[in-house]
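**Q** Before I ask anything, here is the structure I am working with.
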Amino acid sequence: MSLVRNEEPKTFTPEPGMRRQVLANTDQLMLIRHFFDADWVGARHSHPHHQLVYVVSGAIRVDVGGKVFDAHAGDSFIVDGGMEHQASALEASEVLDVFTPTREDYRELLK
């Protein structure tokens with residue numbers, strides 16, 4: 001079992017305009033909270049993990065394999081593992097990501 005209380009998560013700043021919190025995780029699942037400043041533009045990237053995204057607040061623009069769409073509070077989508085993607089914030093936003101399997105590179109941040 002993995003329990004992370006609201007007051008416990010460490011906050012990391014992997015790039016300007018983004019804050020990341022590694023929340024509950026196991027070997028197969030990982031929950032991440034991201035906070036994006038308005039006008040943040042993330043790096044285009046891919047990873048082998050499947051990623052489920054839920055926009056808690058705000059709005060983001062997403063490019064997944066050349067398909068561009070806007071996702072607003074309450075929207076969710078999936079990025080398949082290995083698919084190149086990029087996100088940017090249309091306004092200050094909070095986003096939850098679920099990865100499977102867990103991202104060991106993020107887990108290393110907790111050590």
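The values are calculated or read from the model by the stated rules, or taken from the named source; none is laboratory data. Quantities reported herein were computed from a predicted structural model and do not represent experimental measurements. Glycine also receives a Cβ, built like all others from the backbone with ideal geometry; neighbour counts cover every protein chain displayed. In case anyone asks, the SASA skips ligands and DNA or RNA and just uses the protein heavy atoms, side chains included. Shrake-Rupley method; radii C 1.70, N 1.55, O 1.52, S 1.80 Å.
**Q** Checking Asp75 against (1) open to solvent by less than 50 Å² (accessible area, probe 1.4 Å); (2) of a type outside the set (A, V, I, L, M, F, W, C); (3) within 14 Å of the chain's Cα centre (by Cα): exactly one of these is not met. Which one?
**A** (1)
**Q** Return the residue satisfying two criteria in turn: it lies in the range 27-42 and is at pLDDT 95 or above and in a loop (DSSP other than H, G, I, E, B), and of such residues it is surrounded by the fewest Cβ atoms within 10 Å (Cβ to Cβ).
**A** We begin by selecting, within the range 27-42, every residue at pLDDT 95 or above; these are 28-42.
Filter once more, so that each one left must be in a loop (DSSP other than H, G, I, E, B): 28-29, 37-40, 42.
Working: Gln28: 9, Leu29: 14, Asp37: 14, Ala38: 13, Asp39: 11, Trp40: 20, Gly42: 19.
Only one residue tops the list, namely Gln28.
**Q** Which number in (1) in contact with a helix residue (DSSP H, G or I) (Cβ under 8 Å, 6 or more places away or on another chain); (2) in a loop (DSSP other than H, G, I, E, B) marks the one condition that Gly82 misses?
**A** (1)
**Q** For the range 85-111, which positions are farther than 19 Å from His47 by Cβ and either out of contact with any strand residue (DSSP E or B) (no Cβ under 8 Å at 6 or more places or on another chain) or part of a strand (DSSP E or B) (or both)?
**A** First pass over the range 85-111, keeping only residues farther than 19 Å from His47 by Cβ: 89-94, 111.
Ala89, Ser93, Glu94, Lys111 - these are the residues of the range 85-111 that are farther than 19 Å from His47 by Cβ and either out of contact with any strand residue (DSSP E or B) (no Cβ under 8 Å at 6 or more places or on another chain) or part of a strand (DSSP E or B) (or both).
**Q** (1) loosely packed, with under 13 Cβ neighbours inside 10 Å; (2) in a strand (DSSP E or B): which one isn't true of Asp63, the others all being true?
**A** (1)
**Q** A follow-up question, please. Give Ala24, Ala71 a once-over and let me know the one that is assigned to a strand (DSSP E or B), of a type outside the set (Lys, Arg) and at pLDDT below 95.
**A** Ala24
**Q** Determine if the range 88-96 includes at least one residue that is surrounded by 12 or more Cβ atoms within 10 Å (Cβ to Cβ) and β-branched (Val, Ile, Thr).
**A** yes
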